[in-house]
Amino acid sequence: MKKPFGLATGRTMVPIYRTLVKRLKNWPTAEFEKLRSSWLSFNLDEYVGLSETDLCSFKAYMSEHLVQPLGLNPSQVNIPNGRARNLKEESHSYTKRLSQCGGFSFVLLGLGINGHIGFNDPPCGPESSCRVVTLSGATRQQNAFSFGSSSNSVPKQALTLGISEILQADEIHLIVTGIEKADVLDLLLKSSCSRSLPASWLLKHQRVFLWVDQDALSLGLGVEE
Ligand code: GLP
């Protein structure tokens, strides 16, 4: 069975998905169709309580950036249901479905300004698994851009896969871009594993790749202008 891949949302992923769609559409038709028909992905997280049609949901994000452009069936792109009546049950069933598919082949991650991955805000340890979380002020502020720049409009809770499901992936790709990530990237490059910096648990993984742009790395390795 082909293992699913893990997908993140957020601004970092927008140009990546745009480029991916462009490249895939240039593939020979038969190969593109093969990939499209076998596509299976699980997103990391979703806000709690947004309506099905809310354009701020990660479901809407995925529909705009991948499902529609690639003509995928929405059932191939799994996203936690933030409208479930029983969120605890939804968390259990989401992680169970992922594990029944064999866990992630690879997972794409963005990085929060406070070091979160998925919606695993600090403090957070490697034992964390899929659950409902209360979002920190920093994370709501970071994501206010999709909610009319008002952090008060950002939902207070979310469903997220934990660090444990992420670390079970065969391969992890952390993508960090933009000057606003320079401080946290610098911290991450100097850090050992710590609950105060959730992304630091990636150091425990054997196949983790870090992709950065020059802005994000501007403090990290003494890159010159
Ligand atoms: C968000 C999402 C993550 C995302 C990260 C970075 O809160 N939960 O999946 O990767 O934070 O977001 P951005 O790319 O917009 O900086």
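Given region 108-225, what strands (runs of 3 or more DSSP E) lie entirely inside it while holding 3 or more residues that are closer than 24 Å to Pro80 by Cα and open to solvent by less than 30 Å² (accessible area, probe 1.4 Å)?
Working: elements: 131-134, 157-160, 171-176, 208-212.
Here the list reads 157-160, 171-176.
Going through region 126-173 one residue at a time, which ones are charged (D, E, K, R), within 18 Å of Lys3 (Cα to Cα) and in contact with a Leu (Cβ under 7 Å, 6 or more places away or on another chain)? Give the derivation first.
Filtering region 126-173 down to residues charged (D, E, K, R) leaves 127, 131, 140, 156, 165, 170-171.
Now drop any that are not within 18 Å of Lys3 (Cα to Cα), which leaves 165, 170-171.
The one that is charged (D, E, K, R), within 18 Å of Lys3 (Cα to Cα) and in contact with a Leu (Cβ under 7 Å, 6 or more places away or on another chain): Glu165.
Pull out all pairs, ordered by first then second residue, where Cβ-Cβ is under 6 Å, the residues are six or more apart or on different chains, the first lies in region 136-161 and is within 10 Å of the ligand (Cβ to nearest atom), and the second is assigned to a loop (DSSP other than H, G, I, E, B) and open to solvent by 60 Å² or more (accessible area, probe 1.4 Å).
What qualifies is Gln142/Ile113.
Check region 90-106 and report whether any residue there is in a helix (DSSP H, G or I), β-branched (Val, Ile, Thr), open to solvent by 10 Å² or more (accessible area, probe 1.4 Å) and closer than 27 Å to Ser51 by Cα.
Initially, region 90-106 is screened for residues in a helix (DSSP H, G or I), giving 90-100.
Narrowing further to those that are β-branched (Val, Ile, Thr): 95.
With open to solvent by 10 Å² or more (accessible area, probe 1.4 Å) added as a condition, the list becomes 95.
Still in the list and also closer than 27 Å to Ser51 by Cα: 95.
Scanning region 90-106, I find at least one residue that is in a helix (DSSP H, G or I), β-branched (Val, Ile, Thr), open to solvent by 10 Å² or more (accessible area, probe 1.4 Å) and closer than 27 Å to Ser51 by Cα, so the answer is yes.
Residues that are within 16 Å of the ligand (Cβ to nearest atom), without any contact (Cβ under 8 Å) to a residue 24 or more places away in the chain and surrounded by fewer than 12 Cβ atoms within 10 Å (Cβ to Cβ): find the helices (runs of 4 or more DSSP H) completely inside region 1-83 holding 1 or more of those. Break it down stepwise before answering.
Details: elements: 13-25, 29-38, 58-62.
Ranges flagged: 13-25.
The values are calculated or read from the model by the stated rules, or taken from the named source; none is laboratory data. Predicted model, so just to flag it, every value in this text is computed and none were measured. Counting neighbours? That spans all protein chains shown, and the Cβs are built from the backbone with ideal geometry, glycine included. What goes into the accessible areas is simple: the full protein's heavy atoms, side chains included, and nothing from ligands, DNA or RNA. Shrake-Rupley method; radii C 1.70, N 1.55, O 1.52, S 1.80 Å.
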